[in-house]
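The values are calculated or read from the model by the stated rules, or taken from the named source; none is laboratory data. On a predicted model such as this, the values are computed, not experimentally measured, just so you know. Please note: Cβ atoms are built from the backbone with ideal geometry, for glycine as well, and neighbour counts cover all protein chains shown. Note: areas computed on protein heavy atoms with side chains; ligands, DNA, RNA excluded. Shrake-Rupley method; radii C 1.70, N 1.55, O 1.52, S 1.80 Å.
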Amino acid sequence: MQAIIIFCIFAVMKTNDAITLYLQYAATQRRMSQLTLKAYREELERFAQYLHSMGIDNVEDITTREPRQWQASLMQDGSAPRSVLRMLSALRGWQKYLRRCGIIKNDFMAKVSSPKVPQTQPVFFKEREVERIYDIDIFPDTFNGRRDRLLLRLLYETGIRRSEAAGLRLSAIDFSARTIKVLGKRSKERYIPVNDELLKAVSDFVEARSSIACQDDHLLVSENGKPVSDSQIYTIVRRYMSALSNADRVSPHVFRHSFATHILNEGGNIDAIKHLLGHSSLDATEIYTHVTREHLRQTYRQAHPRALEK
């Protein structure tokens, strides 16, 4: 509570100023990722523009009517339920902060219900597709090629997020304990065990990395010494996996889905997978159990002599 009060001393009632104040709090106290902060800023600024068109520029003038009308207009314009849900999440966080600070007294999100989001199964690479990243011939025999190969292995063998891979530091690798320390969402740390082969690949890359001038101690860098960015990681994954996989979607996050799905298919414990992925709730991890059940059904139909379907 003390941290919140610090940010509320200079509280003002203008909508845009209140948004700036909240985002400062979210960045420094809640330690939201830059991607989340960017998304929240965009959603809140869009809502502020909508309020301005309604003649509302002060936060104390917001009632439950404006968020509900804003939600309805988004749905009518064809916005996906998941996009509307993201907007409402930003509004709820902002409203909660404003009330706790005493900037507003009313709960303008009290009567705003969230749209139903259809349950979708995660997209993942097939095991035979992922196995192809271990073929050294598909990567250029260059510094960046060796980095790309290590990146894809890290994404698949640890299940880390794109931003977590970009933020990996040399100090995060514990060769004696065979673990990698990952800084996840809201700066939560977790340790992921890694096998000797991956550690050897990391060690080889660190040795190659020592021959170039690096800006800092980020593990994954380009040959110019600069750390790889989130967007670069996305591009690298697309470059290789679009040619290696027939998945409906190709992105770094698909490696994360593949990591969890393949472990579960081999009988892995869902609680352990929750920890490895850095999920705060088991609900987020349970989406993979649906995929696993389908895998079991397919295995049964294909292998059991009394299966009704072949």
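Pairs please, first residue from segment 285-310 and assigned to a loop (DSSP other than H, G, I, E, B), second anywhere and at pLDDT 70 or above, Cβ atoms under 6 Å, 6+ apart in sequence or on different chains.
Listed by first residue and then by second, the contacts come to ALA307/ARG301; GLU309/ARG301.
Conditions: (1) part of a helix (DSSP H, G or I); (2) open to solvent by less than 50 Å² (accessible area, probe 1.4 Å); (3) under 27 Å from SER229 (Cβ atoms). HIS253 meets all but one. Number of the miss?
Single failed check for HIS253: (2).
Output the number of residues of segment 244-266 satisfying the condition of being hydrophobic (A, V, I, L, M, F, W, C) and in contact (Cβ under 8 Å) with a residue 60 or more places away in the chain.
Step one: of segment 244-266, the residues hydrophobic (A, V, I, L, M, F, W, C) are 244, 247, 250, 254-255, 259-260, 263-264.
Next, only the ones that are in contact (Cβ under 8 Å) with a residue 60 or more places away in the chain stay: 244, 247, 254-255, 259-260.
So the answer is 6.
All but one of (1) more than 24 Å from ILE270 (Cβ to Cβ); (2) in contact with a helix residue (DSSP H, G or I) (Cβ under 7 Å, 6 or more places away or on another chain); (3) not polar (S, T, N, Q) hold for TYR156; which doesn't?
Condition (1) is where TYR156 drops out.
Restricting attention to segment 27-67, which residues are part of a helix (DSSP H, G or I) and in contact with a strand residue (DSSP E or B) (Cβ under 8 Å, 6 or more places away or on another chain)?
Here is the first cut: in segment 27-67, the residues part of a helix (DSSP H, G or I) are 27-28, 34-53, 59-61, 65-67.
Matches in segment 27-67: VAL59 only.
Specify the residue that is farthest from ASP107 (Cα to Cα); the eligible residues are those in segment 42-96 that are open to solvent by 40 Å² or more (accessible area, probe 1.4 Å) and among the acidic types (Asp, Glu).
Taking the candidates together, the pick is ASP77.
Results for (1) of a type outside the set (Phe, Trp, Tyr); (2) farther than 18 Å from SER229 by Cβ; (3) at pLDDT below 95, shown as yes or no for each residue.
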site	(1), (2), (3)
PHE124	no, yes, yes
GLU127	yes, yes, yes
ILE133	yes, yes, no
GLU157	yes, yes, no
ILE160	yes, no, no
VAL194	yes, yes, yes
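Give me the pairs, please: first residue somewhere in segment 97-126 and surrounded by fewer than 18 Cβ atoms within 10 Å (Cβ to Cβ), second residue anywhere and of a type in the set (D, E, K, R) and in a loop (DSSP other than H, G, I, E, B), beta-carbon distance under 8 Å, and either six or more positions apart or on two chains.
What qualifies is ARG99/LYS105; ARG99/ASP107; VAL123/ASP248; VAL123/ARG249.
Scanning segment 155-213 for residues that are in contact (Cβ under 8 Å) with a residue 60 or more places away in the chain, in a helix (DSSP H, G or I) and small (Gly, Ala, Ser), which turns out surrounded by the fewest Cβ atoms within 10 Å (Cβ to Cβ)?
Per the criteria, the residue is SER187.
Going residue by residue through segment 114-121, is there one that turns out to be assigned to a helix (DSSP H, G or I) and in contact with a Leu (Cβ under 9 Å, 6 or more places away or on another chain)? Walk me through how you get there before you give the answer.
First, pick out the residues of segment 114-121 that are assigned to a helix (DSSP H, G or I): none.
No, the conditions are met nowhere in segment 114-121.
Of all residues in segment 1-26, how many are at pLDDT below 90 and in a helix (DSSP H, G or I)?
7
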